[in-house]
Amino acid sequence: MANVIETKTKNVKEAATGSRGSISDAADYVMDQVKEVGSNALAARTFLDKKAGEASTAIGDGLKSAARTIRQNGPHDARLGQATLAVAQTFSNSANYLDGPGLKGTVNDISNVIGKNPVSAVMIGVGMGFLLGRTVAKN
């Protein structure tokens, strides 16, 4: 009987030692996978930040070009001249805004406005969803 208990105890100890090795191996594997996912996420974020910066620059350049074209080719008489200059100035201001903080700054500004006016933001979202739904349903 004592021999059987010693054998069973020895078997349990061996199984526990083997399990610890398997658990340790599994934990190491999981940690490696988590590190790889984190690394991929960081690379994706870096890539997206770069593309957002390029898009912001391209949009800003387009707005500057449009403002220049409007100033040069738009009417210059009294009322229409003032309207032309106002539109061109708005385009220039928008381009300068994008040159400064870029799209990240725009996203932060929008987040701040939504945080200060959540009900209005929800209503605008519902309205835009309604209009988008109607447009898609017609097609």
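Once both labels are positioned 7 Å from their Cα atoms along Cα-to-Cβ, the gap between Asp32 and Ala137 label points is 5.4 nm.
Taking 0.36 nm per residue of separation and subtracting the current Cα-Cα distance, fully stretching the chain between Ala66 and Ser39 would add 5.7 nm.
Values in this text are rule-based calculations from the coordinates and carry no lab data. Remember, it's a predicted structure, so these values are computed and weren't measured experimentally. FYI the Cβ positions are ideal-geometry reconstructions off the backbone, even for glycines, and counts take in every protein chain you see.
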